[in-house]
1. Among the residues in segment 146-157, are any in a helix (DSSP H, G or I), aromatic (Phe, Trp, Tyr) and either surrounded by fewer than 18 Cβ atoms within 10 Å (Cβ to Cβ) or in contact with an Asp or Glu (Cβ under 7 Å, 6 or more places away or on another chain) (or both)?
2. Can you tell me how many residues within segment 192-217 are hydroxyl-bearing (Ser, Thr, Tyr) and over 15 Å from Phe163 (Cβ atoms)?
3. For Gln174, state whether it is in a helix (DSSP H, G or I), in contact with a Leu (Cβ under 9 Å, 6 or more places away or on another chain) and not small (Gly, Ala, Ser).
4. For the list (1) of a type outside the set (A, V, I, L, M, F, W, C); (2) out of contact with any Phe, Trp or Tyr (no Cβ under 8 Å at 6 or more places or on another chain); (3) under 30 Å from His210 (Cβ atoms), I need the number of the one condition that Glu153 fails.
5. Quick test for you: out of Leu81, Leu100, pick the one residue that is among the aliphatic types (A, V, I, L, M) and in contact with a strand residue (DSSP E or B) (Cβ under 8 Å, 6 or more places away or on another chain).
6. May I ask you to list the residues in segment 75-95 that are of a type in the set (A, V, I, L, M) and either under 31 Å from the mean Cα position of the chain (by Cα) or outside any helix (DSSP H, G or I) (or both)?
7. Is there any pair with a first residue in segment 67-87 that is modelled with pLDDT under 85 and of a type in the set (Gly, Ala, Ser) and a second that is surrounded by 12 or more Cβ atoms within 10 Å (Cβ to Cβ) and part of a helix (DSSP H, G or I) whose Cβ atoms are under 7 Å apart and which are 6 or more apart or on different chains, and what are they?
8. For residues that are outside any helix (DSSP H, G or I) and modelled with pLDDT of 95 or more, scanning just segment 249-268, find the one that is farthest from Phe121 (Cα to Cα).
Amino acid sequence: MNLLLGLAPPYSNLRPFVLGRIAERHVMRLTLLVPAILALGLGACSGGKTEVKAPDAVNRMPRAEVEAIVKDYLVKNPEVLAEAFSELNRREEVRTFTRLIDEKDDPVIGPASAPITIVEFFDYNCGYCKAANPWVFEQLASKKNDVRVIFKEYPVLAESSHFASTAALAAAKQGKYREMHLTMMKSHDFSPENVDKMAASVGLNLDKLHKDMKSEDIGAHITRVLTEGEQANVKGTPGFFINGVFLNGYSQVQLQQIVDDARAKKKA
């Protein structure tokens, strides 16, 4: 646990292709930020009463001179860079959240009209996901009835994680996702034999479960969520998007604050 951040650290054993895509994303974000910094620096340095638009100024000035102005401005006002990164992050999180909730075949619990949507990326072998699960279902049980949760099966920690996610999605085909999810979140054994025991305990038809676990659509579902997680910069599990605000890790205090802030905004 990272005590400074109050968050569970991202897991070190994420699949290599996940880590590779995360690195690429950071480079892309820096590239996208350059035009914003140029515009910000030039706008602030225009001076006087006449407003000078950044694109016009760039067209009239040599590149070296523009770079010198921007560098000088950022050295004198380093907080601007932090503000620019913060705003870029906020916009990216909102865009990512919008994409994530557009998928229609993810398991969802809660009213479709709920003003607060929690998107959770999780792995059944993740201890922090298990710790977060009671909080997630407390939000669903609230008398306010204003929260829905979209569950993103994100099996990145082990092969048994993939098997467990396959079983959970197959259980959804029998209308038993919630029951199977809660049962598996309490387990640390995802062998075929134990998964069958858990499935039988919640009333699943095992023959149908086994058939559905082999279906192409479930395999495609998991592949799609893995890609979503990479693109959303989910570095470890759990990863939460709550009305466009991203939190990677588990901190009940911070999660609850994000939900409380979302409620306050809806009332405003």
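1. Step one: filter segment 146-157 for residues in a helix (DSSP H, G or I), giving none.
Among the residues of segment 146-157, not one is in a helix (DSSP H, G or I), aromatic (Phe, Trp, Tyr) and either surrounded by fewer than 18 Cβ atoms within 10 Å (Cβ to Cβ) or in contact with an Asp or Glu (Cβ under 7 Å, 6 or more places away or on another chain) (or both), which makes the answer no.
2. 1
3. Numbers: in a helix (DSSP H, G or I): no; in contact with a Leu (Cβ under 9 Å, 6 or more places away or on another chain): yes; not small (Gly, Ala, Ser): yes.
Spelling it out, it is not the case that Gln174 is in a helix (DSSP H, G or I), in contact with a Leu (Cβ under 9 Å, 6 or more places away or on another chain) and not small (Gly, Ala, Ser).
4. Every condition holds for Glu153 apart from (2).
5. Details: Leu81 fails: in contact with a strand residue (DSSP E or B) (Cβ under 8 Å, 6 or more places away or on another chain).
Of Leu81, Leu100, the one residue that is among the aliphatic types (A, V, I, L, M) and in contact with a strand residue (DSSP E or B) (Cβ under 8 Å, 6 or more places away or on another chain) is Leu100.
6. Start the filter on segment 75-95 by keeping residues that are of a type in the set (A, V, I, L, M), which leaves 75, 80-82, 84, 88, 94.
Selection gives Val80, Leu81, Ala82, Ala84, Leu88, Val94.
7. Ala84/Leu33; Ala84/Ala36; Ala84/Ile37; Ala84/Leu40
8. At the first step, the residues of segment 249-268 found to be outside any helix (DSSP H, G or I) are 249-251, 268.
Narrowing further to those that are modelled with pLDDT of 95 or more: 249-251.
Numbers: Gly249: 10, Tyr250: 11, Ser251: 15 Å.
For segment 249-268, the residue satisfying everything is Ser251.
The values are calculated or read from the model by the stated rules, or taken from the named source; none is laboratory data. Keep in mind that what you see is a predicted model, and the values were worked out from it rather than measured. Neighbour counts are summed over all protein chains in view; Cβ atoms, including those assigned to glycine, are modelled from backbone coordinates with ideal geometry.
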